[in-house]
1. Can you confirm whether A:Phe115 is within 25 Å of A:Phe144 (Cβ to Cβ), modelled with pLDDT of 85 or more and part of a helix (DSSP H, G or I)?
2. Of (1) closer than 30 Å to B:Tyr112 by Cβ; (2) surrounded by 16 or more Cβ atoms within 10 Å (Cβ to Cβ), B:Ala170 satisfies all except one. Which?
3. Scan the range A:450-466 for residues that are hydrophobic (A, V, I, L, M, F, W, C) and without any contact (Cβ under 8 Å) to a residue 24 or more places away in the chain and jot them down.
4. Which of the residues spanning the range A:411-449 are among the hydroxyl-bearing types (Ser, Thr, Tyr), assigned to a loop (DSSP other than H, G, I, E, B) and touching a residue at least 12 places away in the same chain (Cβ under 8 Å)?
5. A:Leu383 is checked against (1) touching a helix residue (DSSP H, G or I) at 6+ places or on another chain (Cβ under 8 Å); (2) under 20 Å from A:Phe283 (Cβ atoms) and fails just one. What number does that condition carry?
6. Can you spot a residue in the range A:215-230 that is in contact with a strand residue (DSSP E or B) (Cβ under 9 Å, 6 or more places away or on another chain), modelled with pLDDT of 85 or more, surrounded by 24 or more Cβ atoms within 10 Å (Cβ to Cβ) and within 13 Å of chain B (Cβ to nearest Cβ)?
7. Any residue in the range A:201-214 that is in contact (Cβ under 8 Å) with a residue 60 or more places away in the chain, touching a Ser or Thr at 6+ places or on another chain (Cβ under 8 Å), more than 12 Å from chain B (Cβ to nearest Cβ) and not small (Gly, Ala, Ser)?
8. Take the residues of the range A:47-93 that are small (Gly, Ala, Ser) and over 20 Å from A:Arg263 (Cα atoms): which is nearest to the other protein chains (Cβ to nearest Cβ)?
Amino acid sequence: MTFPILTLIMLAPAIGAVVILLLPKERSDAIKSVAAGSMAMSLLMSLFVMFSYDRVLGGFQFIEKLAWIPSLGISYHMGVDGFSAPQVLLNAIVGFCAVIISWYQNDRPREYFAFLLALISGVFGSFMALDMFLMLIFYELVLFPVYVLVAGWGSKNREYAAMKLTIYLFLGSLVAIIGLLAAYFRAGNTFDFFALRDNIAALPDTLAFQQFWFPFIFVGFGVLASIWPLHNWSPDGYAAAPTAVSMLHGGVLKATGAYCGLRFGIQLMPEGARLWMPILVIFCFAGLLYAAAIAFRQTDLKYIIGFSSVSHLGLVLLGLTTLNELGFNGAGIELFAGGVMTGLMFSLVGMIYERAHLREIDQLSGLSKVMPVAAVGWVIGSLTLMGMPGLPGFIAELQILMGMWQKSATLSPIGNSLNWHYAVIAVFAVIAIIINAAWTLRVAGKIYFSEPKDPQLLALPRLDGLEKFAIGLMCAVLILVGVMPNTVMSVVQVGVQAIVKGLGLG
Amino acid sequence: MGFEEFNYLEFASVAPEILLTVWGTIVLAADLMSKGGIKRKTLGWFAGVGMVAVLAFAWFMRPDPNTPVQLGGMIRNDVWTWAFRVIFILGGALTCIASADFRSIRAGGEYYALIIFSSMAMCLMAASTDIIMLYLATETASLALYLMAGFQRGNKLSVEAGIKYFVFGAVTSTVMLFGLSLLFGLSGSTSYGAIAQAVRFPDYRVPVVFISLLTLVGFAFKMSAFPFHFWAPDVYQGSPTPIAGFISTASKAAGFAILMRFFQYALPETISVQVGSGNAEIPFIWVSLLRPIAILTLLIGSFSALAQTNVKRMLAYSSVAQAGYVLIGVAAFASLQGDARAEAAAAVLFYLATYMVTNIAAFTVAGVVSQKMGGDDFKDFAGLGRKAPYLAYGMTAALLSLLGAPPAIGFIGKLFIFRSAIGAANQAGAGTFDYYLFLLMVVIGVLMVLVSVFYYLGVVRAMFVERAEGDTKPMLVPTASSAVVLVTGVASIIAITVVSGYFWNVALDAARSFLGLG
């Protein structure tokens, strides 16, 4: 057995959480140091995994496999491929920054950091699990800390938002579980990803089976990826959640929804995906356009960012609907870059709100004089969102749109026509991106670069070193990936090539 | 009855039951002899810890699977019996400790002695392989429960619960006794083994169907299965809450234990049906009886639970629905063959054990709330998430496990049950009536899980979303209850899931020993 680095990445925050719970309540510095320390360890190990992933060899690496409940075909099976390795790193980056951003959380810090670390640990697990049962356990374990954190440390309307969020995600997961159990029972009573994939493909009525059950799994997980019209929990949830939770939820946890949809939906049932994707693409596109339009009209800063994360996931899902290499590549990069971008934007909004206690953009002005670093961070985040060349958003969006063009030239499974609507959607998706550009610039202009109207705003406390560090780290990641896209691209490509090849769709 | 085979050393096999009887007497005597009686709290802990000690002893008294002690044909002390014994003693111990905080019982030693005697009788129910033993054990367990259900003498609901439970129980057990007496008339023996030899199917087709129906009345009452579930909500609501927890778990499990033992050992009659290319022996009567009962129990329990405004009544109907899930497993067990049959029996055992731990946690929380708030309606749970967050988390864990959401242990339990049902469907062969019926049972089971989301999460919603007056002030949670909730809540959600492979193997051993597969 090799060195269990994935388990350690996943366990480091969990162990941190246990240590924190054992510390006395009053020692909040020690609590925060333990939290930051355990996340730093995860971050370093994730970097190691990302950069020592063998790009020539490809496939799943760092595999760990132990029998767990053999009689149910359940094993402890972890591993990452080119698609999930960057997402593990993403979780480590955003998680680390979320802990740093929460440094001044002085309301019951012990419980807060323990739940936050438990959440991060669960997300790590969902990205790494290659056993469906293990994945479900991590997936559900995430829901609980999210509920507690939003309900216990959120802002106005927090109980309502927390319950709404939890119920949506829980019901979504139940639908996905039904689909997964159907696969389990039909395909040889095993939860192992590889065995399931092969067994499903070998079923005598595999086509009908996949076509029937695919939507359960994909839409079930799609709820977490805020697929339209099941996205409703998302803006409410993010408006109420504490900053760090919004960062993690919007940036990373939603990504697990899309990721699980790919791994346990598309990869297990490619024929089902082929039938349903031309239909689902319409919903994904509607989500993208709708969220962009709402964000444009919204005046509450937290809601704006909430909708922008729906928009970001809309792009990822569009990439997944193409079922080709270009689209998947784009989705992989967008997951990573968009995740960091969402984390960055949420953290900036959180910083403003915690200082000024204002969320309406009309009430805010001239903040670039108070917090210039935040203004720079906002601009970089906005440029990523709108797909400016030189930032990773461009690479991602370009590939997604190209993937859609390519898909539009393939034959549709329904009727005997081409998937021409992909091309139409690709054109209109550009409009959504332009709307995104419009509102981010409008917000930047209004709150950062306008003349300060309110003298009280000028007296706000400045950003301190830790906050600048977190912003700097996330901006640096975005710029680095934008300038040298190959750092992430090369890994994602290896993963996507294998995935698309495995789908076996002509 | 084979007295000649009797060996006094064999009494060692019922040592845990003997110890329980002694312990119950000691608890009773200790309370009587001490001046002014022992304080209620001390007594609860005293009784409970003693039962834990008996539990530890019973755990190490695991019988050899191949040579079970028969005690003159009265019982069969196999691993199956042992597993149920562990379940019942654990349930009794938790109930004693949870009762320590329950002020309105104002109970002395007799209350705890009744719990202990009832657990003892349930152990014998699981073991009995003789009509007389079956009836005596069942009645001993039930009489103690009737008394305990009506223990809050000042409370009208509790008295009503006691009377209702008693009347229902007396009628159904009389019907069962009538069935058993017919069986004695047909075979001339009270021992299951002799009955199985004497009452062969082709000759006794009509009486066997009739007897099955009559005895099933008694079993269904204990299991609170349709159509004998009507007592459950009223009795649960009126009983002292820890007792409601005990009735809904240990007593229900005992019902399943006698059901499976009776049909497996006394009426193992089979008919030959075509399976694929060959023939299989299928116990025709009880499969055909149990499947509709399972479906109806599931449907009626789930939909009735939706309409409740009282948490204990909701839990009562939910426990009816849970019985439906177990019955799916029993029906699968009845029609499967060989190793798959053992696996189905193990699934039933596993489900009952995990269900007991979980449901006792839920009832303990309900007990604390009813003590503190003076009621156990949904509205009394409002704001619990703020007043006593860890109690509310424990309740959430228990409800999620009852619901069957991963990673709670309830998910694995349901998975085992559904897997057996699908195995039974596959054994029947695609396209047959049995195939579709078993698939239908699984589909209904899954749909009812979705329905149950609404009533279980209704409590969660009340606890965390709704506000109540004075919910900013923390609520003082009594220690004994929190100990029970901690042990059962944590166990139900994480610990058993992680080591469920181990418990599954234990259950499988028990099932193989039950079926004589070694």
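1. yes
2. Failed condition: (2).
3. A:Ala459, the sole residue that qualifies.
4. A:Ser412, the sole residue that qualifies.
5. Among (1) touching a helix residue (DSSP H, G or I) at 6+ places or on another chain (Cβ under 8 Å); (2) under 20 Å from A:Phe283 (Cβ atoms), the lone unmet condition for A:Leu383 is (2).
6. No, the conditions are met nowhere in the range A:215-230.
7. There is no residue in the range A:201-214 that is in contact (Cβ under 8 Å) with a residue 60 or more places away in the chain, touching a Ser or Thr at 6+ places or on another chain (Cβ under 8 Å), more than 12 Å from chain B (Cβ to nearest Cβ) and not small (Gly, Ala, Ser).
8. Ranking the candidates gives A:Ser71 first.
The values are calculated or read from the model by the stated rules, or taken from the named source; none is laboratory data. Predicted model, so just to flag it, every value in this text is computed and none were measured. Note that each Cβ is placed from the backbone with ideal geometry, even for glycine, and that neighbours are counted across all protein chains shown.
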